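See below for the structure under consideration.
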Amino acid sequence: MVKRMFCDSICRPGLPRMKSHLVIKLGISVLALGLALRLLFGKSSDFAPLYDDPVSEKFPNFSSLSDSTRVKETEKSEEICDLFNGEWIPYSGGPYYTNESCGFIDGHQNCMKNGRPDTGYLNWRWKPYGCEMHQLDSKRFLEKMRNKSWGFIGDSISRNHVQSLLCILSLVEQPVEVSHADDYKSITWIFPAYNFTLSRIWSPFLTKASIFEDMNGVSTSEIELHLDILDEAWIEPYSRFDYMIIAAGKWFVKTALYYENTTLLGCHFCPKRNLTELGFDFAMRKVMKRAFNFIVESNHKGVIFYRPSTPDHFEGGDWSTGGACNRKEPAKDGEFQLGELNRIIHDIGLEEFKNASRLASENRVDFRLFDMTALSLSRPDGHPGAYRFFQPFAKDKNATVINDCLHWCLPGPIDHWNQVLFEIVLHGVRK
């Protein structure tokens, strides 16, 4: 599917089969290099009562997010609560927490502390089509989670998501850290009064990976991915979690060598090596299929959510070429679309989830979709931008600063991911 998509747009009619194949791979590699640079330069140092049940198995067509006909039809369907599609409406209530009330905000997402001058991005709330969401009720959520455990598995966006949840819940009780990995990328907390444990597990590929990056995200060698061995970081504690949110995507675009049964199959974007260029889509599809098969065949009795990769909002360039996100309010309907590379990542995940969900239903494994794409796509104003750094323009108002238009300010739009999550877990909304 990916190869056909690229060929439709860049291959010339009549090219021999091999030349066509090389052009396709070159196209994917060029796009992937751009997103890989984002990851390289953008590495971080990582409201009423609520109900209890599954997520919709609706698969939105993001190529038609701006289709006014679809929107109007959805708005008319008042009996259907579609948590994943809706609109941002003005809200004067302010954020649920601040950087002063929460001590779990990563420095690069602490937009208030870092001096972001505008606060209008905090004055919006997500309104799903067909219903109103309940207000966040942290105490009720913790009561529901008594003697239970959550695992958030993925990359720095999953970390961003966990920090939002910690901020929301810590207004009721301060969590206590009980364990961490040597590099602090994986951490477990407990809310003692509720015996509720919350774990953040670093596993950007979901599969075994040797990563040769320093603290600034600079690589000294290609990543080595073992496509047939799932990452023990999440496989080992998997059976102990009552709830999980699993996510992966953008890391697959990085330069990598691919192994299977200890045999080197080829690579993605390794022009200096005499290896077969397989493309990141090859590796991602294999890994997602393997991970999802493990889940649906696991006989797990808890709830497992899959969150597809979410969009960024760079304008006028990229991480390394002056890209920025200076907007002050949500985008209008259809103003932003998923870029080609993000669309490929998103579609691979959705396709493999859809295939796996059929077997999950047969095996009675509670495997659900948690797709924040539409909610996030229209919030270009919610990223740290230049304010991933402390007071970036204090010494020079014209300073050149690398912007972060991938992660989210805390507080910010990502808090509404948790409001949707509360609606599902506490109120049983399925769509």
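Before moving on, here are some points about what is shown:
- Accessible area (Å², per residue) of segment 247-322, counting only protein heavy atoms and a probe of 1.4 Å: 39
- FRET efficiency for Glu177 and Lys289, using Cβ-Cβ distance with R0 set to 35 Å, rounded to 0.05: 0.50
- Length gained when the stretch Ile89-Arg273 is fully extended (0.36 nm per residue, less Cα-Cα span): 61.1 nm
- Potential lengthening between Asn363 and Glu236 on full extension [0.36 nm per residue; Cα-Cα distance subtracted]: 43.6 nm
- Using the Cβ-Cβ distance between Ser101 and Thr220 with R0 set to 51 Å, the FRET efficiency works out to roughly 0.80.
- Accessible surface, per residue, of segment 324-370 when the full set of protein chains is kept, probe 1.4 Å, Å²: 47
- Cross-link table Lys185/Lys289; Lys113/Lys332; Lys185/Lys301; Lys250/Lys289; Lys139/Lys328, entries beyond 22 Å C-alpha to C-alpha: Lys185/Lys289; Lys113/Lys332; Lys185/Lys301; Lys139/Lys328
- Cross-link partners for Lys354 among the aspartates and glutamates, with Cα-Cα distance under 16 Å and sequence neighbours closer than 8 places in the same chain left out: Glu57, Glu297, Glu362, Asp366, Asp371.
- Segment 99-216 shape via C-alpha gyration tensor axes, a/c threshold 1.5: oblate
- Within segment 98-124: backbone nitrogen closer than 12 Å to the Phe390 label point (7 Å, Cα to C-beta): 107-108, 113-115
- Each residue of segment 292-299 was assigned a 3J(HN,Hα) from its phi angle through the Karplus expression (A = 6.51, B = -1.76, C = 1.60, θ = phi - 60°), giving 5, 4, 4, 5, 6, 9, 7, 6 Hz with x at Gly and Pro.
- Candidate aspartates and glutamates for bridging to Lys208, where Cα separation is under 13 Å - those fewer than 8 sequence places away on the same chain excluded: Glu224, Asp228, Asp231, Glu232, Glu236, Glu260
- Sequence-ordered 3J(HN,Hα) estimates for segment 308-315 from the Karplus curve with 6.51, -1.76 and 1.60 and θ = phi - 60° stand at x, 4, 9, x, 10, 9, 5, 10 Hz, glycine and proline given as x.
- Percent accessible area from carbon and sulfur atoms, segment 151-250, protein chains only, probe 1.4 Å: 51
- Cα-based reach from Lys144 at 14 Å (exclusive), listing aspartates and glutamates while leaving out same-chain residues under 8 positions away: Asp52, Asp53, Asp242, Glu423
The values are calculated or read from the model by the stated rules, or taken from the named source; none is laboratory data. Worth saying up front: this structure is predicted, and the values here are computed from it rather than measured. Note that each Cβ is placed from the backbone with ideal geometry, even for glycine, and that neighbours are counted across all protein chains shown. Side chains are part of the model used for accessible areas, which takes the heavy atoms of the whole protein and leaves out ligands, DNA and RNA. Shrake-Rupley method; radii C 1.70, N 1.55, O 1.52, S 1.80 Å.
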